[in-house]
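Working notes, beginning with the structure itself.
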Amino acid sequence: MHGVDAKKDPNRVVIFDTTLRDGEQAPGFSMGAAAKLEMARALTALGVDVIEAGFAAASPGDEEAVRIVSGEVEGPVFCSLSRATESDILAAHRALSHNRARRIHIFLGTSPIHRKAKFNMTADEVLAQAVRAVAFARTLFDDIEFSAEDAIRTERAFLGDVMEATAEAGATTLNVPDTVGYSTPAEISDLFRYLHGRIAPRFPDAVLSAHCHDDLGMAVANTLSAIQGGARQVEVAVNGIGERAGNCALEEVVMALRTRADQFGVTTGVDTTKLVGVSRLLSRLTDSPIVRNKAIVGINAFAHEAGIHQHGVIADARTYEIMLPQDVGFDGTSFVLGKHSGRHAVAKRAAVLGHEISENLMGAVFAGFKRRADEIGEISDSELVAIIEAAYAENEPPPQRYAAAN
């Protein structure tokens with residue numbers, strides 16, 4: 001496993017990436033084996049601890065993709081999802097047989113609606129099946145994760161019973177998924193404190209894990225709250241891709257933990273300077289554009305158009321930026337020139353382009369800039385040069401210019 005094992009360092013959060021499983025199974029994000037392999041190599045360089053490479057039992061193609069990815073990439077623990085059945089567990093074992101750093105991730109619905117609608121089973125029957133599956137997996141795997149699907153809507157006492165029983169059967173990671181994105185931050189932190197209080201005394205090496213979906217837009221907030229409640233593994237996906245509204249976004253939770261270390265006091269093994277590159281790779285492989293205002297990795301994340309903001313950032317970037325763009329993989333702050341921009345930003349960009357504008361001429365340039373920005377919106381470098389040259393032509397001969405900088 002990359003870095004420090006969370007079982008040995010209580011302040012280390014394990015990053016379990018499910019881009020290639022939960023992310024890839026969502027409509028519009030499907031990847032073949034070659035794309036999964038390229039993405040797995042990028043995730044390894046990024047420093048994630050566990051890569052869930054797929055769901056081996058889902059199809060022969062998925063089993064083959066898990067086999068290829070886990071057989072050709074070294075570094076992280078490789079994982080396959082599995083239902084709580086012997087056939088699924090055997091499929092996962094076949095797919096992961098070429099890599100010693102392997103984990104099986106067994107899931108079983110535990111909430112009343114899942115017990116009734118999906119299985120027509122009693123709570124006792126669900127508990128027994130979970131224990132049987134983990135015990136069987138223990139004969140093939142040393143690293144077993146158990147997920148109580150729809151944990152948030154499961155009765156708290158029964159959820160605790162399932163977690164204790166599966167830990168006793170051999171599960172080393174206990175995942176508490178908010179499968180349908182139903183929880184709130186206060187609710188999930190309280191739940192993790194309850195589970196930690198039940199599990200830790202008997203199973204001090206067991207790792208509690210959070211897997212949050214974004215149906216109500218709270219996946220990142222819920223994940224962070226779970227960490228505050230005792231979770232030491234988080235299940236995330238690049239760009240937040242995943243079923244329905246998606247998963248907790250890897251880049252957002254990692255940078256929240258780093259930027260607000262004063263609040264969380266935990267670390268990860270992620271090389272944050274590679275976040276933008278991995279995000280763009282996923283976008284290319286899945287032909288899915290990243291929205292401009294996407295936190296951390298969107299092209300507007302460190303871009304400024306408003307004049308007040310641009311003036312402040314010119315004076316001191318900390319006025320409007322809580323992270324350095326270079327820390328996540330951008331080259332630097334981006335000033336977008338548009339109708340909200342002020343004189344300082346226009347003058348600064350003009351200087352970069354080789355035009356030192358006199359104070360007397362600046363009024364004409366800025367007036368021309370505002371008129372053109374109202375017409376077309378964003379002003380490119382070529383548009384700005386045309387505005388400046390038009391002002392020169394109307395008001396005075398152009399002065400000495402510097403060579404344009406790139």
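Every number here is computed from the coordinates shown, using simple stated rules; none is lab data. All of these numbers come straight from a predicted model, not from anything done at the bench. Heads up, the Cβs are rebuilt from the backbone with ideal geometry, glycines too, and the neighbour counts pull from every protein chain shown.
Computed from point charges on the beta carbon alone (+1 for Lys and Arg, -1 for Asp and Glu), the dipole magnitude for the chain about its Cα centre is near 300 Debye.
Taking a ≥ b ≥ c as the square roots of the eigenvalues of the Cα gyration tensor, the chain is prolate, since a/c reaches 1.5 or more and a/b is larger than b/c. Each DSSP beta bridge with both residues in the chain is either parallel or antiparallel, and the antiparallel ones are about 5%. In this structure the amide hydrogen of A210, modeled in the peptide plane, comes within under 5 Å of the amide hydrogens of V176, Q233, V234, E235, none closer than 5 places in sequence on its chain.
Just add up the charged neighbours of A245: K/R +1, D/E -1, any other residue whose Cβ is under 13 Å from the Cβ of A245.
On the way: positive: R244; negative: D22, D178, D214, D215, E243.
With Lys, Arg at +1 and Asp, Glu at -1, the net is -4.
If each DSSP helix of 4+ residues adds -39,500 (n - 2.57) and the sum is divided by the residues in the chain, what number results at 222 nm, nearest 500 deg cm²/dmol?
One gets -13500 deg cm²/dmol as the mean residue ellipticity at 222 nm.
Helix 343-352 sits at what angle to the longest principal axis of the chain, using alpha carbons and giving 0 to 90 degrees rounded to 10? With rounding to tens, the tilt is 90 degrees. Just check region 133-278 against the gyration tensor rule for me: Cα atoms, a ≥ b ≥ c as the square roots of the eigenvalues, rounded for a/c under 1.5, and otherwise prolate or oblate depending on whether a/b exceeds b/c. Prolate, since a/c reaches 1.5 and a/b exceeds b/c. Close amide-amide hydrogen proximity is noted between R103 and F78, C79, S80, each under 5 Å apart and 5 or more residues distant or on a separate chain (H modeled in the peptide plane; Pro and chain starts excluded). The distance from the alpha carbon centre of region 343-376 to that of region 153-181 is 61 Å, rounded to a whole number.
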